[in-house]
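Some notes on the structure that comes next.
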Amino acid sequence: MTPRVAVIIPAYNEGEFVLPVLKRITEAVRLPCEILVVMDSHDDSTWPVVEKYAVADDRVRPLLNELGRGPANAIHAGLTATKAPVAVVTMADGCDDPMQIDQLARLVERGVVVAAASRYARAGQQVGGPLLKTSISRLSGLSLYYLATVGTRDATNSFKAYSTDFVRAVGIESDRGFEIGIELVAKARRYRLPVAEIPTIWLDRAFGVSNFKLAAWLPRYLHWYRYAFGPKRDLDPPLAAARQSTQEGSQ
């Protein structure tokens, strides 16, 4: 049976630290789902841990990223591999709230093409994290929301749900960092497709080391930031079909 939602988790050498994250996700998600933990190599320390966990819970499986190293390609590989109509991207570091995965997925089922968990919405919060990274993220998110009307105050957060029809229709160009989140929000805005958000509380990781590289990835984030302010793009047939799919799903 095709699952209603795919949970995509890019991972890099998390090892045993991924276990509590998988446990919280498998306990929280109630929709029929598959949980894809995507890694760049079989040698990744996360791989044997996920394989062992999958024996006890067949919703979970490791997936090899063959598109190129890095989180953007890992997320892209997961979105490409799943046949589920909705995909939720969440991190392996435990920062995201797994209780919100079903809620985000249901928003997409109701008709939006992107549903974002927003740290900067009213009642949202970010606890911890580097000050510079947080400040840039908040400034870009709020300015995109108020000036480009993208539909979410937190375009840079990776914790989002997507219509997979929409993703396949617009394609993914990102190949570095976690820029896919802002890319797909910007594309939804240019095609005037609906984006929604719910407030979330993000907690800085309690274990391991973050792989986020602000200086290296910032130019690509700026590219998609500027892209969001561009003129409306007309719907080509694949996008029109994706929009029709979301409209039918909301009825």
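The values are calculated or read from the model by the stated rules, or taken from the named source; none is laboratory data. This structure is a prediction, so every number in the text was calculated from the model and none was measured. Quick reminder, even Gly has a Cβ in these numbers, built from the backbone with ideal geometry, and neighbours come from all protein chains shown.
Structure data summary
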quantity: Tally of residues being within 25 Å of Gly68 (Cβ to Cβ), out of contact with any Gly (no Cβ under 9 Å at 6 or more places or on another chain) and assigned to a loop (DSSP other than H, G, I, E, B) across the range 175-196; calculated: 2
quantity: Matching residues, the range 150-192, being on the phi < 0 side of the Ramachandran plot and basic (Lys, Arg); calculated: Arg153, Lys160, Arg168, Arg176, Lys187, Arg189, Arg190
quantity: Failed condition for Thr90, given (1) in contact with a Lys or Arg (Cβ under 8 Å, 6 or more places away or on another chain); (2) in contact (Cβ under 8 Å) with a residue 12 or more places away in the chain; calculated: (1)
quantity: Qualifying residue in the range 15-28 (condition: farther than 20 Å from Tyr162 by Cα, touching a Lys or Arg at 6+ places or on another chain (Cβ under 8 Å) and of a type outside the set (Val, Ile, Thr)); calculated: no
quantity: Whichever residue in the range 157-189 is charged (D, E, K, R) and surrounded by 19 or more Cβ atoms within 10 Å (Cβ to Cβ) and, among such residues, is nearest to Ser135 (Cα to Cα); calculated: Glu179
quantity: Single residue of the range 7-21 satisfying the filter (touching a residue at least 60 places away in the same chain (Cβ under 8 Å) and hydrophobic (A, V, I, L, M, F, W, C)) that is surrounded by the fewest Cβ atoms within 10 Å (Cβ to Cβ); calculated: Phe17
quantity: Qualifying residue in the range 50-63 (condition: part of a loop (DSSP other than H, G, I, E, B) and either under 24 Å from Gly177 (Cα atoms) or in contact with a Cys (Cβ under 8 Å, 6 or more places away or on another chain) (or both)); calculated: yes
quantity: Any hit, the range 174-193, residues being within 18 Å of Phe159 (Cα to Cα) and modelled with pLDDT under 85; calculated: yes
quantity: Scan of the range 4-29 for residues that are closer than 15 Å to Thr90 by Cβ, outside any helix (DSSP H, G or I) and of a type outside the set (Gly, Ala, Ser), ordered by number; calculated: Val5, Val7, Ile8, Ile9, Pro10, Tyr12, Glu14, Val29
quantity: Residue check, Leu139 buried (at least 18 other Cβ atoms within 10 Å of the Cβ) and closer than 15 Å to Arg226 by Cβ; calculated: no
quantity: Failed criterion for Arg69 (all others in (1) within 26 Å of Glu197 (Cα to Cα); (2) under 18 Å from the mean Cα position of the chain (by Cα); (3) surrounded by fewer than 15 Cβ atoms within 10 Å (Cβ to Cβ) hold); calculated: (1)
quantity: Flag if Asp154 is surrounded by 20 or more Cβ atoms within 10 Å (Cβ to Cβ), more than 15 Å from Val195 (Cα to Cα), at pLDDT 95 or above and acidic (Asp, Glu); calculated: no
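Yes/no matrix, rows are residues, columns are (1) crowded, with 20+ Cβ neighbours inside 10 Å; (2) touching a helix residue (DSSP H, G or I) at 6+ places or on another chain (Cβ under 8 Å):
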{"position": "Ala77", "(1), (2)": "yes, no"}
{"position": "Thr80", "(1), (2)": "no, no"}
{"position": "Asp93", "(1), (2)": "yes, yes"}
{"position": "Pro98", "(1), (2)": "yes, yes"}
{"position": "Ala123", "(1), (2)": "no, no"}
